[in-house]
Amino acid sequence: VDDDVAVACALMPDATIAHAVRVAGELGADIIKIPTPKDDAVLADITAGSPVPVVVAGGIKISDPRLVLERVDRSLKAGAIGVGVGRNIFQSERPKPLLDALCSMVHRGASASQAWEQFHGSSGSGA
């Protein structure tokens with residue numbers, strides 16, 4: 001079921017996401033979690049126009065951790081204040097190093113390449 005929801009969110013039109021953010025803000029949300037729009041420029045417009053902070057959902061499973069980091073990097077550069085990543089950490093072969101790398105991006109401003117070096121350079125399985 002979770003994969004079905006992730007796929008449905010991935011197919012959601014960007015205009016629908018933008019409208020939902022506006023409505024959630026008007027209804028008094030303190031923070032809004034959204035699926036990642038297909039277009040990074042749309043995410044930048046959404047975050048710039050949102051009356052409250054926006055967090056981007058992790059989305060469908062991505063097998064390459066470098067691609068996860070790059071996706072998060074684009075979201076943060078577009079104005080998201082954070083990410084809600086689940087399956088891409090829990091189903092990772094090295095969940096702890098990936099989580100640490102993501103935390104470096106969100107909380108310390110690391111780039112995707114810096115986070116990749118941190119992830120790649122960490123030892124052990126990280127389970």
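The values are calculated or read from the model by the stated rules, or taken from the named source; none is laboratory data. Quick caveat: nothing in here was measured; it's all calculated off a predicted structure. Please note: Cβ atoms are built from the backbone with ideal geometry, for glycine as well, and neighbour counts cover all protein chains shown. Calculation scope for accessible area: heavy atoms of the full protein, side chains included, ligands and nucleic acids excluded. Shrake-Rupley method; radii C 1.70, N 1.55, O 1.52, S 1.80 Å.
Side notes on the structure shown:
- Carbon plus sulfur fraction of accessible area for the chain, probe 1.4 Å, in percent: 58 percent
- Folded to 0 to 90 degrees: helix 40-49 orientation relative to the chain principal axis, Cα: 60 degrees
- Accessible surface, per residue, of the chain when the full set of protein chains is kept, probe 1.4 Å, Å²: 56 Å²
- Histogram of C-alpha separations across segment 14-122, 5 Å bin width, %: 2, 13, 24, 22, 17, 11, 7, 2, 0
- Checking every one of the GluC sites (Glu not before Pro) in segment 41-126 against DSSP loop status and a limit of 11 other Cβ atoms within 10 Å picks out Glu93.
- Other residues within the sphere of radius under 11 Å centred on the Cβ of Arg66, judged by their own Cβ, net out at -3 (K and R +1, D and E -1).
- For the chain, calculated [θ]222 nm from helices alone, where every DSSP H run of n ≥ 4 adds -39500 (n - 2.57): -17000 deg cm²/dmol
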